[in-house]
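Colleague: Mind having a look at this structure? Questions to follow.
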Amino acid sequence: MSDHPAEPIRYAVDLTDRLHHLVRVTLTVPADLAAAARVVLPVWTPGSYVVRDYVHHVQWIRATDADDTEVALTPDGTTAWRLPDDVTGPVTVTLELYANDLSVRTNHVDDHHALLIPAATFPYVEHGTDRPHLVHLPSQTDGHRTWSLLPPADDTPDTYVAEDRDHLIDSAFEVGDLPHVDYEVAGVPHMFVWAGHGGHPDLPQIAKDAAAIGEACVELFPGELPTDAYTFLCVGWDTGGGGLEHRDGAVLQMPIRTFQDDDLTSRFQSLVAHEYLHLWNVKRLVPAALVQPAYEHPTHTPSLWVAEGWTAYYDELLPTRAGVWTPRQLLDTLRDTWDRTETTPGALLQPLRQASHEAWTKHYIRDANTPNVMTDYYGHGSLVAWELDLRLRRADPSGDGLDAVFRLLWDRHAGSAAGYTEDDVLDAIAAVGGDDLAALIDARVDHAQRPVIDDDLLAAVGLEFAEAPNGRPVPTLGVQTTEDAQGVTFTSVLRDGPAWRAGITGGDRLVAIDGSTVATGELSRALLAAEPGQDVEVTVTRGPRLLRRIVTLDEPRPRRRLRALETTTLQARQVFERWTGHELSEL
Ligand SMILES: [Zn+2]
């Protein structure tokens, strides 16, 4: 025991060479921890379950003592270094990082901005992880400022304070002269920062929508907001999209043209809802395995069907309840997710709990055969959440459906040092909806099976699936495609589908159908010239080979749409309104 508080772990960031994507980080190892200290750079960042080996970006690393004399730094494993046993006094470890990888999980630094993901930036000191971690990060460029998800230090400018190592790893930084807007949710300050180059975001509208979505979250989880301040850091690039939740904020990535495009704007609103809901689900209501993750190795959990699947379900429902989305947008998005899961062979091979466990090696590392062996714990998980919600609302029309289960799980396990287990989730379902329903959901995620959402369940909220012919449906090849300037590539060929049966395989590039070349954007038109059941000759290249295969086209899936039943009961209309926040007549 000591009367003196432990010396904090200190970092300083130097952005002098940011134009060349270089960041210099200095870590001061306190004197009492220095002898034989092990310094570790994480291999992954929370929320993105794949080993990224950030050590790849370390250009060089060295250590010096208080007299600036070189201290030996011995590699210890792939991503760690050890100081000598006999070193005394504090030791400074300096490393240079190459930061030219723009995503929400990696560092990107240039003259415009500097996005720093702490897991990729700050090596931690073993045995010092419980101490406060201080980061000194001046912007160093006139007119630029630093945004941190950490609170600022009271006494030192440009310095930010993390309670411990895990708090630092969960708090991104952004630097630049960037458009931003303030807003409030439940009286708590929030900020949105746009780090896209151009793009002309309508900041007041973004703030209005994000605040409305935030208030919808507070209705889902009543009580005090579980943060003192919240910041969205949003980067923009020519393509791509995604988000990564942090303890008191999130990093988003969207195409720069997002705010001039209605579909992208809808995706952006859903992304805002998704990452914001993680403030509760994942960041404070935590799967047991993720409460104390190991940053040098993968940390597996079976619960991503709740952590991500339920979040994915609510990232469509909450914008609807907030009035940011229409109920039509909600239903069309649910239909699209339904169609995608129905046509993914992997949904009948990989159970959802297994998909969660295997996120590290399947979800984040894909190849052409992935759709045949993997199911998506986001989309598939959201459909299980939808089925559960509908079953609860049918059984108790005046109840709160899945909201009630979510709240119970929150009341029982939020902030718990043990997190929640799969049994805890089933217990909460059983408490609201009974043991049989808990057993049904257990089977849905433990076995490879699709959710069952039938006419009777839909009728409970006044809906039905109806054929919605919109032009002639396109006969199907059973492939997933990507298109670029060179043409169409069959990125994946679905198992036992028409192309699979004909001997076409993932990665083949399409040249022609029935002797006519098929250019970018022309595949649907080429297939419309044929009938289901008809044989067509498909010409592809596979590396240096030119191949012709006869493919018998399948019937297309019928186009369907969720719509209001022609006659509905008052009760069904009321349940729809409790579910979506809108009247059924708005459809
Ligand atoms: Zn998520």
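Colleague: With the requirement that a residue be under 27 Å from residue 20 (Cα atoms), open to solvent by 80 Å² or more (accessible area, probe 1.4 Å) and among the hydrophobic types (A, V, I, L, M, F, W, C), what does the stretch 58-75 give you?
Modeller: Residue satisfying the conditions is 60 alone.
Colleague: Under the condition of being surrounded by fewer than 20 Cβ atoms within 10 Å (Cβ to Cβ) and in a helix (DSSP H, G or I), which residue from the stretch 292-329 is farthest from the ligand (Cβ to nearest atom)?
Modeller: Filtering the stretch 292-329 for residues that are surrounded by fewer than 20 Cβ atoms within 10 Å (Cβ to Cβ) and in a helix (DSSP H, G or I), the one farthest from the ligand (Cβ to nearest atom) comes out as 328.
Colleague: I would also like to ask the following. Which condition from (1) farther than 18 Å from residue 181 by Cβ; (2) outside any loop (DSSP other than H, G, I, E, B) is the one that residue 224 breaks?
Modeller: Unmet condition: (2).
Colleague: Spot the failing condition for residue 247; the list is (1) under 17 Å from the mean Cα position of the chain (by Cα); (2) away from the ligand (no atom under 15 Å from the Cβ); (3) open to solvent by 20 Å² or more (accessible area, probe 1.4 Å); (4) at pLDDT 95 or above, and only one is missed.
Modeller: Result: residue 247 passes all but (2).
Colleague: Do we have residue 370 as open to solvent by 50 Å² or more (accessible area, probe 1.4 Å) and either small (Gly, Ala, Ser) or more than 16 Å from the ligand (Cβ to nearest atom) (or both) here?
Modeller: no
Colleague: OK, next. Among (1) away from the ligand (no atom under 13 Å from the Cβ); (2) assigned to a loop (DSSP other than H, G, I, E, B); (3) open to solvent by less than 20 Å² (accessible area, probe 1.4 Å), where does residue 279 come up short?
Modeller: For residue 279, the exception is condition (1).
Colleague: Something else about it: Please go through the stretch 1-57 and pick out each residue that is within 25 Å of the chain's Cα centre (by Cα), among the charged types (D, E, K, R) and either surrounded by fewer than 17 Cβ atoms within 10 Å (Cβ to Cβ) or within 16 Å of the ligand (Cβ to nearest atom) (or both).
Modeller: Matches in the stretch 1-57: 53 only.
Colleague: When residue 569 is evaluated against the numbered criteria (1) open to solvent by 30 Å² or more (accessible area, probe 1.4 Å); (2) in contact with a strand residue (DSSP E or B) (Cβ under 7 Å, 6 or more places away or on another chain); (3) in contact (Cβ under 8 Å) with a residue 40 or more places away in the chain, which criterion, by number, is the only one it fails?
Modeller: (2)
Colleague: Looking only at the stretch 184-205, count every residue that is open to solvent by less than 10 Å² (accessible area, probe 1.4 Å) and under 21 Å from the mean Cα position of the chain (by Cα) and tell me the total.
Modeller: So the answer is 6.
Colleague: Check whether at least one residue in the stretch 266-274 is open to solvent by 20 Å² or more (accessible area, probe 1.4 Å) and more than 16 Å from the ligand (Cβ to nearest atom), and report yes or no.
Modeller: There is at least one residue in the stretch 266-274 that is open to solvent by 20 Å² or more (accessible area, probe 1.4 Å) and more than 16 Å from the ligand (Cβ to nearest atom).
Colleague: Just checking, how many residues over the stretch 339-367 are hydrophobic (A, V, I, L, M, F, W, C) and either modelled with pLDDT under 95 or open to solvent by 40 Å² or more (accessible area, probe 1.4 Å) (or both)?
Modeller: Here the count works out to 3.
Colleague: Among the residues of the stretch 133-175, how many are among the charged types (D, E, K, R), closer than 22 Å to residue 16 by Cβ and open to solvent by 40 Å² or more (accessible area, probe 1.4 Å)?
Modeller: 3
Colleague: Collect the residues in the stretch 282-291 that are among the aliphatic types (A, V, I, L, M) and either within 11 Å of the ligand (Cβ to nearest atom) or under 21 Å from residue 325 (Cα atoms) (or both), keeping them in residue-number order.
Modeller: 282
Colleague: Sticking with this structure for a sec: Would you be able to say whether some residue in the stretch 105-124 is part of a strand (DSSP E or B) and farther than 23 Å from residue 198 by Cβ?
Modeller: yes
Colleague: From the list 407, 412, which one is away from the ligand (no atom under 16 Å from the Cβ), open to solvent by 50 Å² or more (accessible area, probe 1.4 Å) and either within 16 Å of residue 356 (Cα to Cα) or without any contact (Cβ under 8 Å) to a residue 24 or more places away in the chain (or both)?
Modeller: Just one listed residue meets the conditions, 412.
Colleague: Can you give me the ranges of the strands (runs of 3 or more DSSP E) entirely in the stretch 469-587 with at least 1 residues that are closer than 30 Å to residue 458 by Cβ?
Modeller: Fully inside the stretch 469-587 and qualifying: 479-484, 560-564.
Colleague: Filter the stretch 534-566 down to the residues that are within 23 Å of residue 524 (Cβ to Cβ), hydrophobic (A, V, I, L, M, F, W, C) and buried (at least 17 other Cβ atoms within 10 Å of the Cβ) and list them by number.
Modeller: Of everything in the stretch 534-566, those that are within 23 Å of residue 524 (Cβ to Cβ), hydrophobic (A, V, I, L, M, F, W, C) and buried (at least 17 other Cβ atoms within 10 Å of the Cβ) turn out to be 536, 538, 540, 551, 553.
The values are calculated or read from the model by the stated rules, or taken from the named source; none is laboratory data. Since this is a predicted model, take the numbers as computed values, not measurements. So basically every Cβ, Gly included, is an ideal-geometry build from the backbone, and we count neighbours across all protein chains shown. Only protein heavy atoms, including side chains, enter the accessible area calculation; ligands, DNA and RNA are left aside. Shrake-Rupley method; radii C 1.70, N 1.55, O 1.52, S 1.80 Å.
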